[in-house]
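The values are calculated or read from the model by the stated rules, or taken from the named source; none is laboratory data. Values in this document were obtained by computation on a predicted structure and should not be read as measured data. Counting neighbours? That spans all protein chains shown, and the Cβs are built from the backbone with ideal geometry, glycine included. SASA here: full protein model, heavy atoms, side chains in, ligands and nucleic acids out. Shrake-Rupley method; radii C 1.70, N 1.55, O 1.52, S 1.80 Å.
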Amino acid sequence: MSVLAPKGKLPDHHRPRGGSRWLTTKLTITLAIAVAAAILPGSFSPQSASAYELCGWVGQSWVCGARWNSHSASWHDNTGWTGSKQTAVSSAGAKWNAVPDTFSLTYDSSPYGPYQATVGLANLDVLGIPYPGATWTYTAPGDIYNINGAQSLLNSTWTWNTTGYFNVSTKSADVLTVILHEMGHWMFLNHPCATQPGAVMCSQPVAKWNLTNDDIQGMQALYY
């Protein structure tokens, strides 16, 4: 599945999630999570009013509580990286899969798939996305609450390292920090920066190598 549509022409269901806080630590957006229960599907956990952010855009609709109804997804690394960078990508998937919930995120080493989610490299600048990473989620036809695919792209115009180093002015970023965050978007977690700036799901240009309680509880609220 490709998201490399011309700038300004991304299909609605391919709307990218997140990014601006990679470039600054200033918190500029506060989302009213406490009202989410009024618009969530009836089967959704009441934990949704907590600090973690479980809402996002699906096309032109602001949706709270979308998830993989299958409670599982296979994923593949298309970056072509080797060595420590490849290890960092694999580690990110393993960390999300280790969360004690009912969701299974399984790596598929086959170059041909089929798999539901991928990590790759692309020039995001040409899409008007200046951030180190971006993620698109896909939903089943006619059911915007049922995720059935995801794709994360790391910006090939940035320089990538595995030491935790960030420098926005020189476009340098840490692999594990960024991909761990972007993979969280696969499961439809969003940015809880207003209340949980230390969470992996709050994108900031600082090293974050381990999931916080907020990240874990967000997953458990979706996949219980």
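Tabulated data for the structure shown
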item: Extreme residue, modelled with the highest pLDDT, among residues of region 50-65 that are in contact with an Asp or Glu (Cβ under 7 Å, 6 or more places away or on another chain) and within 14 Å of His191 (Cα to Cα); result: Tyr52
item: Among (1) buried (at least 17 other Cβ atoms within 10 Å of the Cβ); (2) not in a loop (DSSP other than H, G, I, E, B) - the single one Asn148 does not satisfy; result: (1)
item: The listed residue being surrounded by fewer than 19 Cβ atoms within 10 Å (Cβ to Cβ) and farther than 22 Å from Ser61 by Cα, out of Gly142, Gly164; result: Gly164
item: From Leu180, Leu176, residue being under 21 Å from Thr79 (Cα atoms), in a helix (DSSP H, G or I) and open to solvent by 10 Å² or more (accessible area, probe 1.4 Å); result: Leu176
item: Residue list for region 91-104, filter: without any contact (Cβ under 8 Å) to a residue 40 or more places away in the chain and surrounded by 15 or more Cβ atoms within 10 Å (Cβ to Cβ); result: Asn97
item: Ile129 being farther than 22 Å from Ser90 by Cα and assigned to a strand (DSSP E or B); result: no
item: Residue satisfying condition, being assigned to a loop (DSSP other than H, G, I, E, B), surrounded by fewer than 24 Cβ atoms within 10 Å (Cβ to Cβ) and out of contact with any helix residue (DSSP H, G or I) (no Cβ under 9 Å at 6 or more places or on another chain), within set Thr195, Thr157, Thr170; result: Thr170
item: Scope region 177-195; condition of a type in the set (S, T, N, Q) and within 20 Å of Arg67 (Cβ to Cβ); matching residues; result: Asn190
item: Meets criteria (free of Cβ contacts under 8 Å to residues at least 40 places away in the same chain and over 13 Å from the mean Cα position of the chain (by Cα)) for Gly198; result: yes
item: Qualifying residues in region 106-139 (those that are without any contact (Cβ under 8 Å) to a residue 60 or more places away in the chain and of a type in the set (A, V, I, L, M)) - the one surrounded by the most Cβ atoms within 10 Å (Cβ to Cβ); result: Leu124
item: Residue match in region 77-87 (condition: under 21 Å from Leu54 (Cα atoms) and either of a type in the set (A, V, I, L, M) or surrounded by fewer than 15 Cβ atoms within 10 Å (Cβ to Cβ) (or both)); result: no
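Table: residues versus (1) open to solvent by less than 70 Å² (accessible area, probe 1.4 Å); (2) at pLDDT 85 or above; (3) under 25 Å from Asp125 (Cα atoms); (4) part of a helix (DSSP H, G or I).
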| position | (1), (2), (3), (4) |
| --- | --- |
| Arg21 | yes, no, yes, yes |
| Thr30 | no, no, no, no |
| Pro41 | yes, no, no, no |
| Ser74 | yes, yes, no, no |
